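This report refers to the structure that appears directly beneath it.
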Amino acid sequence: VLLNKSASMLIQCGTSISGSYSIPSSVDTIGGYAFYNCSLMTSVSIPSSIISIADYAFYNCSGLTSITVNSLPLSLSSTYGVFYNVNTNTCILNVPFGAKSLYQNAYGWSSFTNIVENMHGFVLETNKLFLSSAAGSKSGIKISTNDAWSAGSNQNWLKVSPESGTGNDTIRVTADAN
């Protein structure tokens, strides 16, 4: 596998690669034709670090039976033939919990007929919470999951409730005077 000097771009993968391949988490870009003719590769795991997939990245990867992605769908609307000659009717696209409908409606990804959502994980309504500086100010964040979870704060002036749960809930954060 050929990466650029900083190991942030996957430039080329040799056609002799067979079986499963996991793209290193240092990679944020999959270059054009990076997996050109890797027809012996049966599965590939795309890490959440990927922010760009170039034209024909998986050109003629006809042996792919499984692709696992670990983030929300990347926009492929300005790229061409990313999955050219990948059988999107039989190749299983494994996606994170809560992301199946996003992939079903995303350009370039929606051609996969077998999109399988991970059974475990969680989705937060947002990744930011805003509180007033006044004592007693409150805010909440919704969590959607089918797993047990726990939440806490490393600041003694912030109180989290509930601190744990199973399934969907709203986590409330309250500021004390500080």
Query raised in the report: Once you list every other residue whose beta carbon is under 11 Å from the beta carbon of Phe97, what net charge do they have if Lys and Arg are +1 and Asp and Glu are -1?
Result: -1
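Let me know the charge dipole size of the chain about its Cα centre in debye, to the nearest 20, where only the beta-carbon of Lys, Arg (+1) and Asp, Glu (-1) is charged. Mind dumping the intermediate values first?
Details: 7 positive and 8 negative charges, 37 e Å.
Using Cβ point charges on Lys, Arg, Asp and Glu, the chain gives about 180 debye.
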Report task. Stick to the Cα atoms of segment 112-178, pair each with every other, and give me the Kirkwood hydrodynamic radius in Å at one decimal. Result -> 13.4
Query raised in the report: Which entry is the computed mean projected area of the Cα convex hull in nm² for this structure: (1) 9.9; (2) 12.2; (3) 8.5?
Result: (2)
Report summary line: Amide H contacts under 5 Å for Asn114, restricted to residues at least 5 apart in sequence or on another chain and with H modeled in the peptide plane, are Leu93
Query raised in the report: From the square roots a ≥ b ≥ c of the eigenvalues of the alpha-carbon gyration tensor of segment 1-99, which class results: rounded (a/c under 1.5), prolate (a/b over b/c), or oblate?
Result: rounded
Requested in this report: Using +1 at the Cβ of each Lys and Arg and -1 at the Cβ of each Asp and Glu in the chain, identify which of Ala57, Thr126, Tyr21 lies farthest towards the dipole's positive end.
Outcome: Thr126
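Bear in mind these aren't lab numbers, they're just calculated from the coordinates by the rules spelled out. Quantities reported herein were computed from a predicted structural model and do not represent experimental measurements. Here Cβ is always computed from backbone atoms with ideal geometry, including for glycine, and neighbour counts include all displayed protein chains.
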